[in-house]
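Colleague: Just passing along the structure, written as structure tokens.
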Amino acid sequence: MQSKLSKEIVAADKLLINLSGVWKLGNSCQEASNLLTELEQQTAIKSISFSTSQLQQWDSSLLTCLARLFAVCRKSSIEIDLSGLPAGVIKLLELASPENQRNGVPRDPVTAPFLERVADTALEHFSGMQAVLAFIGEITVAFFKLLRGKAVFRRIDLLLTIQETGAQALPIVSLISLLVGIILAFVSAIQLKLFGAELYVADVVGIGMVRVMGAIMTGIIMSGRTGAAFAAQLGTMQVNEEIDALETLGFSPIEFLVLPRMLALMLMMPLLCIYADLMGILGGMVVGIGMLDLGVIEYLAETKSTFQTEHFLVGLFHSFVFGILVAVCGCLRGLQCERSASAVGYAATSAVVSGIVSIVVATAIITLACQIMGI
């Protein structure tokens with residue numbers, strides 16, 4: 001059965017178009033071409049409506065014909081009433097061309113009220129907090145399973161991660177810690193010279209590095225180096241559906257992927273912190289010997305006299321907490337990564353930002369707690 005189109009003048013300026021038959025590809029309709037030619041040449045018609053009571057089947061050929069008709073009507077400022085068309089045709093036309101609305105005028109973008117946007121943002125942040133708490137809970141459960149010897153992960157993965165987060169991080173930790181020690185010595189020497197107390201540069205550098213600066217600088221370095229690497233690795237696995245494959249095989253991603261990385265950072269961060277302390281003290285000694293004319297034995301003796309076990313333990317505690325925070329931020333952002341290449345980059349960036357912010361906040365909390373306890 002062929003496609004048919006007939007027209008009927010229902011008023012002086014109103015045209016009714018009757019669509020009937022089967023409108024499918026391969027069925028040409030000469031009446032439709034004639035109608036388009038007539039509408040382009042006359043200006044009496046101001047409104048067009050449709051009747052599809054005898055329309056049997058249709059596909060994209062009907063949509064193509066209607067789209068051409070609507071283009072001619074827009075040029076001639078003819079109003080179009082779509083109510084007589086099938087509901088499916090109307091929806092497809094609106095999806096294909098946002099300008100083809102019922103009144104022929106594009107709709108203005110809808111802006112949500114201010115309070116609604118505030119509520120949506122609050123709910124989004126609340127949902128993010130729930131995800132973080134759920135992730136921490138899953139890690140806690142995995143640690144308890146590890147203590148009972150039931151956690152499932154490859155030991156070789158743990159050793160490899162220890163190597164990546166430990167020995168391979170020594171060069172950058174050495175450079176940054178040495179420079180931080182030099183900076184602390186320079187800054188303190190400016191004021192101490194006014195009182196002739198250059199020797200106490202050793203005290204400032206020693207206490208500052210051992211108590212907090214060594215741990216903070218190591219944490220920030222590992223956040224930018226290792227936290228981003230964790231997020232990129234897990235994010236790429238998420239994109240490649242490797243994590244879905246692990247779950248299908250019955251392996252827990254938290255135990256198999258997150259637990260080795262967290263254990264490695266928890267073990268390596270205190271050791272890197274001790275190494276950073278030594279490099280920072282070495283940097284301060286370079287300034288003390290080269291600028292302040294202090295002797296090596298004199299500088300080391302003054303550093304030893306200011307060394308206290310509580311400062312050392314506070315620094316180690318800082319580094320232990322920072323290791324947990326960096327691992328949590330990196331792994332969480334990696335597991336939350338969406339399935340696209342750009343999402344992997346966003347996950348790595350988000351892991352670094354989250355890690356550094358959490359390190360600063362944790363430092364403030366630990367410092368305040370130590371002040372209250374008199375440590």
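The values are calculated or read from the model by the stated rules, or taken from the named source; none is laboratory data. No experiment lies behind these values; they were computed from the predicted model shown. Cβ atoms come from the backbone with ideal geometry, glycine included; neighbour counts cover every protein chain shown.
Colleague: Residues of the stretch 322-356 being under 22 Å from SER252 (Cβ atoms) and not in a helix (DSSP H, G or I), which ones?
Modeller: Listed by number, the residues that qualify are GLN336, CYS337, GLU338, ARG339.
Colleague: Another question about this same structure. Please work out which residue is nearest to LYS24 (Cα to Cα), limiting yourself to the stretch 50-75 and to residues that are among the polar types (S, T, N, Q) and within 50 Å of the chain's Cα centre (by Cα).
Modeller: Per the criteria, the residue is SER61.
Colleague: Continuing with this model, one more query. If I ask for residues that are out of contact with any Phe, Trp or Tyr (no Cβ under 9 Å at 6 or more places or on another chain) and assigned to a loop (DSSP other than H, G, I, E, B), which ones from the stretch 151-167 would you list?
Modeller: The one that is out of contact with any Phe, Trp or Tyr (no Cβ under 9 Å at 6 or more places or on another chain) and assigned to a loop (DSSP other than H, G, I, E, B): GLY166.
Colleague: Right, here's the next one. If the Cβ limit is 8 Å and pairs must be 6+ apart or interchain, which residue in the stretch 159-170 that is under 11 Å from LEU267 (Cα atoms) pairs with which residue that is of a type in the set (Ser, Thr, Tyr) and assigned to a helix (DSSP H, G or I)?
Modeller: THR165/THR226
Colleague: Further, regarding this structure: For the stretch 193-244, give me each residue that is of a type in the set (S, T, N, Q) and assigned to a helix (DSSP H, G or I). I'd like the intermediate steps shown before the answer.
Modeller: Looking only at the stretch 193-244, we keep the residues that are of a type in the set (S, T, N, Q), and these are 218, 223, 226, 233, 236, 238, 240.
Hits for the stretch 193-244 are THR218, SER223, THR226, GLN233, THR236, GLN238.
Colleague: Looking at this structure, is ARG225 over 23 Å from the mean Cα position of the chain (by Cα), touching a residue at least 24 places away in the same chain (Cβ under 8 Å) and in the same structural domain as GLY284 (by TED's automatic domain parsing)?
Modeller: Against the criterion (over 23 Å from the mean Cα position of the chain (by Cα), touching a residue at least 24 places away in the same chain (Cβ under 8 Å) and in the same structural domain as GLY284 (by TED's automatic domain parsing)), ARG225 does not qualify.
Colleague: Tell me which residues, restricted to the stretch 44-61, are polar (S, T, N, Q) and within 16 Å of ILE80 (Cβ to Cβ). Give the steps one after another, and end with the answer.
Modeller: Just the residues of the stretch 44-61 that are polar (S, T, N, Q), to begin with: 47, 49, 51-54, 56-57, 60-61.
Of everything in the stretch 44-61, those that are polar (S, T, N, Q) and within 16 Å of ILE80 (Cβ to Cβ) turn out to be SER47, SER49, SER51, THR52.
Colleague: Based on this model, can you work out whether THR140 counts as among the hydroxyl-bearing types (Ser, Thr, Tyr) and either modelled with pLDDT under 90 or surrounded by 20 or more Cβ atoms within 10 Å (Cβ to Cβ) (or both)?
Modeller: No.
Colleague: Residues that are in contact (Cβ under 8 Å) with a residue 40 or more places away in the chain and either under 30 Å from LEU146 (Cβ atoms) or outside the structural domain of LEU192 (by TED's automatic domain parsing) (or both): does the stretch 299-311 have at least one?
Modeller: no
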